[in-house]
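*Asks:* Quick one: the structure is below, and I'll ask about it shortly.
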């Protein structure tokens, strides 16, 4: 079986990590979830001035490792969000370059459901997640470019039970 590059597209609390874990369990693909690595390496650093730079470096390292795995025939799951058309186009081009199958899973979770999950998640007291607010999300939304139904490789995923 050929290696598969899975990319998960969606806003925070849309269910990406839950789906990534499901794909990992069902297929044995290697899952790359930047928030998990970021929390392990730096803790809850959302307010730290280096947070964004650290996050970018974590993603860069994950991409390098994932490319090595794909070249060796292993499937990978990028649980990154892929908010822009440009990012998704780059990943499609990379999959073609590597000769691997490309699957884009778009979690089209309604904003009200995202807010509901965010509130539950923030109130959970878990130390394995980043806490963010409705105001944070409002600042990020202008950067969000949801996939269109005809975007190559897109599989729409119905909102499920993850946060």
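Here, each number is a calculation from the coordinates, and none is a lab measurement. Nothing here was measured: the structure is a model prediction, and the numbers come from that model. Cβ sites come from the backbone with ideal geometry, for glycine too, and all protein chains shown count toward neighbours.
*Asks:* Evaluate the distance, in nm, between pseudo-label points positioned 7 Å from the Cα of residue 2 and of residue 47 along their respective Cα→Cβ axes.
*Replies:* It is 4.9 nm.
*Asks:* Residues in the range 14-44, backbone N under 18 Å from the label point at residue 119 (7 Å along the Cα-to-beta-carbon vector): list them, ranges by number please.
*Replies:* 14-15
*Asks:* On to the next question. Relative to the longest principal Cα axis of the chain, at what angle does helix 85-98 sit, 0 to 90 degrees, rounded to 10?
*Replies:* The answer is roughly 30 degrees.
*Asks:* I'd like the orientation of helix 111-123 relative to the chain: the angle between its Cα long axis and the longest Cα principal axis, in ° from 0 to 90, rounded to 10.
*Replies:* 70
*Asks:* What label, among [x] 10.0; [y] 9.5; [z] 13.8, belongs to mean projected area of the Cα convex hull in nm² computed from the structure on display?
*Replies:* The value computed from this structure is option [y].
*Asks:* Assuming R0 = 25 Å, what is the FRET efficiency of residue 57 and residue 139, from their Cβ-Cβ distance, to the nearest 0.05?
*Replies:* 0.70
*Asks:* Next up: Return 144, 37 ranked ascending by Cβ neighbour count within 10 Å, so the fewest neighbours appear first.
*Replies:* Starting with the residue having the fewest Cβ neighbours, the order is 144, 37.
*Asks:* Turning to a different aspect of this structure: To the nearest 10 degrees, how steeply does helix 51-71 sit against the main Cα axis of the chain, on a 0 to 90 scale?
*Replies:* 20
*Asks:* Counting alpha carbon pairs within less than 8 Å and at least 6 residues apart, what relative contact order, in whole percent, applies to the range 4-157?
*Replies:* Worked out over the range 4-157, it gives 39 percent.
*Asks:* In nm, to one decimal, how far is the modelled label at residue 126 from the one at residue 156, with both set 7 Å along Cα→Cβ?
*Replies:* With each label point 7 Å from Cα toward Cβ, the separation is 2.7 nm.
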